[in-house]
Amino acid sequence: MAKTNGSLSTPGCWNDKLIMYFGEADALKKGLPTVEYLADQLHISPHYLSDMLRSLTGRSAQQHIHDRLVEQAKEYLSTTSLADAEIAYQLDFDYPQSFNKLFKKRTNVSPLAFRRSFN
């Protein structure tokens, strides 16, 4: 394994950065997190980050970002009464349809069906 300058020496380090991003009060005002943003936070190149994540987890950096977005969406859907479109905008999607498509692709259920499972 290539030297990582300690940035990816622990498997959850990149994930911690992603979780911290979503934990910031105004995080999504800066836009959706990008592979470039995470790589910059870890002081490595975006290509290296994606390659390392793919070799460690079998998934790309972008897939990990999408997973975290879906987890955030699940939290909103299960704990708020925000409409799907409002959640999409909260997560910085330009179009609610894009949010719905990503959510359904990752979970095999629509955001509405996911929310109904809590009622």
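A few remarks follow.
- Estimated vicinal HN-Hα couplings, Hz - segment 58-63 in sequence order (Karplus 6.51, -1.76, 1.60; Gly, Pro = x): x, 10, 6, 4, 4, 5
- Accessible area of H64 in the full protein assembly, 1.4 Å probe (Å², nearest 10): 30 Å²
- As a calculated quantity, the FRET efficiency between L82 and D40 at R0 = 30 Å, using C-beta atoms, amounts to about 0.45.
- S110 versus Q97: modelled label distance in nm, points set 7 Å from Cα along the beta carbon direction: 1.4 nm
- In the context of the full protein assembly, T79 retains an accessible surface of approximately 100 Å², using a probe radius of 1.4 Å and ignoring ligands and nucleic acids.
- Length available on full extension from S117 to Y48: 0.36 nm per residue minus the Cα-Cα distance, which gives 20.9 nm.
The values are calculated or read from the model by the stated rules, or taken from the named source; none is laboratory data. Owing to the predicted nature of the structure, the values given are computational and were not obtained by experimental measurement. Cβ atoms come from the backbone with ideal geometry, glycine included; neighbour counts cover every protein chain shown. Keep in mind that these areas ignore ligands, DNA and RNA; they rest on the heavy atoms of the full protein, side chains included. Shrake-Rupley method; radii C 1.70, N 1.55, O 1.52, S 1.80 Å.
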